[in-house]
Amino acid sequence: MNSRKIVRRLAAAAACTALVTLTAGCGADTGTAGTGGGTGAGGTLPEGWGTLRTSALTVAHPPGFTPQSATERSKYNAAAATLSEGGEDVGMITVQLDFTDADSAEEAAIGAEAGIALGSTLGKQSEIEVAGPGGEKEEARRVDFEFTRKGSRVKGVIVAGIDTAKKAYAVRIDAVKGKLGDGDLRRILDSLTLK
């Protein structure tokens with residue numbers, strides 16, 4: 001590996017660690033989640049769902065999730081929505097744009113993985129496709145993981161890639177186990193559409 005790639009990966013690790021610490025509230029450790037489908041290639045918006053819109057992509061969220069305004073969300077997130085129960089956040093969808101210097105979906109995923117809390121259980125990257133402009137399919141990577149926060153086990157999924165402006169993006173979905181069904185997770189991933 002050349003020195004440019006090493007520096008890039010170290011920078012990505014530092015940036016993502018700060019990013020995830022500020023945005024996801026990941027406390028302790030993580031574990032491997034089942035994939036549950038969700039290629040992201042559909043680009044469809046389920047009926048009754050909301051949409052997080054950014055300059056690079058859109059992604060749907062279930063009706064129970066509440067979008068955060070620019071003043072509510074972390075400055076590192078281009079969009080975010082939370083699922084609350086009893087005054088506690090039990091789920092979150094975040095979109096991060098141009099968060100690392102990456103030339104490929106694999107490098108973007110490595111940068112996003114660097115932000116997952118230490119002690120997490122991390123699954124391997126899997127190749128997927130997401131919907132692109134004009135119905136084209138774009139290459140992306142999916143990473144499943146788990147961590148424990150405040151005594152609850154949380155499942156997480158990141159989809160990362162390069163957008164049409166050649167910048168890295170990452171869509172992250174975290175939810176306490178049992179709070180977001182596999183079907184809804186699949187629909188979120190299938191709704192991801194690059195502009």
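The values are calculated or read from the model by the stated rules, or taken from the named source; none is laboratory data. Please read all numbers here as calculations on a predicted model, not as lab measurements. Virtual Cβ from ideal backbone geometry, glycine too; neighbours counted across all protein chains shown. Surface areas here come from the heavy atoms of the whole protein model, side chains and all, with no ligands, DNA or RNA. Shrake-Rupley method; radii C 1.70, N 1.55, O 1.52, S 1.80 Å.
Brief remarks follow.
- Members of segment 51-61 found to be open to solvent by 80 Å² or more (accessible area, probe 1.4 Å) and assigned to a strand (DSSP E or B), listed by number: ARG53
- Residues in segment 62-81 that are surrounded by fewer than 16 Cβ atoms within 10 Å (Cβ to Cβ) and not in a loop (DSSP other than H, G, I, E, B): 1 in all.
- Restricting segment 82-113 to residues that are open to solvent by 30 Å² or more (accessible area, probe 1.4 Å) and assigned to a loop (DSSP other than H, G, I, E, B), the residue that is nearest to GLU138 (Cα to Cα): SER104
- Residue within segment 115-124 that is in a strand (DSSP E or B) and touching a residue at least 60 places away in the same chain (Cβ under 8 Å) present: yes
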